[in-house]
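Below is one structure, written out as structure tokens; the observations come after it.
The values are calculated or read from the model by the stated rules, or taken from the named source; none is laboratory data. Computed from a predicted model, the values in this text were never measured in an experiment. Note that we place each Cβ from the backbone using ideal geometry, even for glycine, and neighbour counts take in every protein chain shown. Just so you know, the surface numbers come from the protein's heavy atoms only, side chains and all, with ligands and any DNA or RNA stripped out. Shrake-Rupley method; radii C 1.70, N 1.55, O 1.52, S 1.80 Å.
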Amino acid sequence: MPVHARRWLWILLLTAASVFVTLGMACGTPFAALATLAALHMSRRDGLALIGIAWLADQAVGYGLHGYPRTANSVAWGVILGVGALMALLAAQALADRVRERGAVVAAFAGAFVAYQAVLVAATAGLASGAEAFSLPVVAWVLRVNLLSLGGLLILHRLAVWIGLVTREPLGAREIVTAG
């Protein structure tokens, strides 16, 4: 299978995995986990594509299946989730670039989770939100969902490497370097 096709198949497979989590847990898309996997095992371009497509899928599930209210506040929160997911990716990439090998997973995940939560907390200054949304039990639950999802995504990545869908080097990484 051509590299281009494998890259998109991998992005869609990861998006499907995130939709599976989202279906089970309203507002539970594991953006920090996705950002961590993308930072560690995908090219920057593919990481951006994954986060963007996963965010669109999250919105489709939220509004289409979970019945999110169609209000300006709800749409604004949807945009904030996308901004948070992008910031999580950028933080994970920055930390993964600095801490290679030992500790990269922990550093990238911590950066992604903190960046994502910081964007959401900052948005409460201007958007309606219940105080309980950032209570310790809720944030702990979101952390748990992301940690479990990250474990599953890392296993999925190992399986994808094993069957030859992806390589240890991010698919298309050479194309990006030589294209510039």
Checklist line | Enumeration of residues in region 116-128 that are surrounded by 14 or more Cβ atoms within 10 Å (Cβ to Cβ), of a type in the set (A, V, I, L, M, F, W, C) and touching a residue at least 40 places away in the same chain (Cβ under 8 Å) | finding: Leu120, Ala123, Leu127
Margin query: Residues that are touching a Leu at 6+ places or on another chain (Cβ under 6 Å), under 13 Å from Leu40 (Cα atoms) and at pLDDT 90 or above: does region 156-163 have at least one?
Written below: no
Next item on the list: Please enumerate the residues belonging to region 22-53 that are farther than 28 Å from Tyr68 by Cα and open to solvent by 20 Å² or more (accessible area, probe 1.4 Å).
Entry: Leu40, His41, Arg44, Arg45
Margin query: Show the residue pairs meeting these rules: Cβ distance below 8 Å; 6+ apart or different chains; first residue within region 129-146 and more than 17 Å from Leu81 (Cα to Cα) and exposed (fewer than 14 other Cβ atoms within 10 Å of the Cβ); second residue modelled with pLDDT under 90 and β-branched (Val, Ile, Thr).
Written below: Glu132/Val138
